[in-house]
């Protein structure tokens, strides 16, 4: 099998009708490491929105169980992609996601913004650090894939074109990336989580390394000091060097989606587990009422009863 055979297969598919297959090939075989890193930073990016970070701070989940919250999100989204959003495991994963979101008062715009980061942050990452250029079909397929996922999460008013959704994301960040103390607290918990994956003596360097990859708008929203310029240059150079090396690797013949057996919360996953075993516990009893979802709340908070 040639190094570019999967790309050629993607080029032969229709990015609208075959968006699920294209997304699986791209995320599961061509760029799995990059998609993982990009989606980590995509979620991190959403914590720059005060209404999102305020809710996360109030639940205490990022203070008490940051690794489990990370693993739940990564595994559930991988289940949906690996098996398809209308497959039995995919629908089960979506029910877990919808049940978790349905417990909280989340605006449709916040849900829509989070969805947009899942589309465009990996695309932006891969344009900088991918081992090959993305095929246009990969970009369009990612948009249509997450549009279908978003619809099944009860998110409404999803733009109907790739560029319109991109424009929504850009405008939303301009309007909503504002510093708050909750941003800083949740951002710090997340940086500490990333650093915890390294040996103790490397953790200060890892925290600095994470900051080196944040753009100026994110740094301001979190209230973080910028990393030294030389470190940013070195980090980007290292990622580009990795891409040049990976370019010469043999092609991956099997998808790694939903096969993260080395996750830290569910040993051996997916063996012995189903999507229903994942997910956050119920909200704490002292959660302020402003964050609690009620059935008489107007639709559009990301919760879809039909998918519970």
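The values are calculated or read from the model by the stated rules, or taken from the named source; none is laboratory data. All values derive from a computational prediction rather than experimental measurement. For neighbour counting, all protein chains shown are included, and Cβ atoms are generated from backbone atoms with ideal geometry for every residue, glycine included.
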*Would it be correct to say that residue 93 is within 18 Å of residue 252 (Cα to Cα), assigned to a helix (DSSP H, G or I) and at pLDDT 95 or above?*
no
*Looking at 38, 82, which one is more than 30 Å from residue 179 (Cβ to Cβ) and buried (at least 19 other Cβ atoms within 10 Å of the Cβ)?*
82
*Somewhere in the stretch 205-220, is a residue at positive phi and surrounded by 13 or more Cβ atoms within 10 Å (Cβ to Cβ)?*
no
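Matching residues to (1) more than 30 Å from residue 4 (Cβ to Cβ); (2) without any contact (Cβ under 8 Å) to a residue 24 or more places away in the chain:
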position	(1), (2)
132	no, no
135	no, no
156	yes, no
189	yes, no
201	yes, yes
206	yes, yes
209	yes, no
_Can you find, within the stretch 56-90, the residue that is farthest from residue 46 (Cα to Cα) among those that are free of Cβ contacts under 8 Å to residues at least 24 places away in the same chain and assigned to a helix (DSSP H, G or I)?_
88
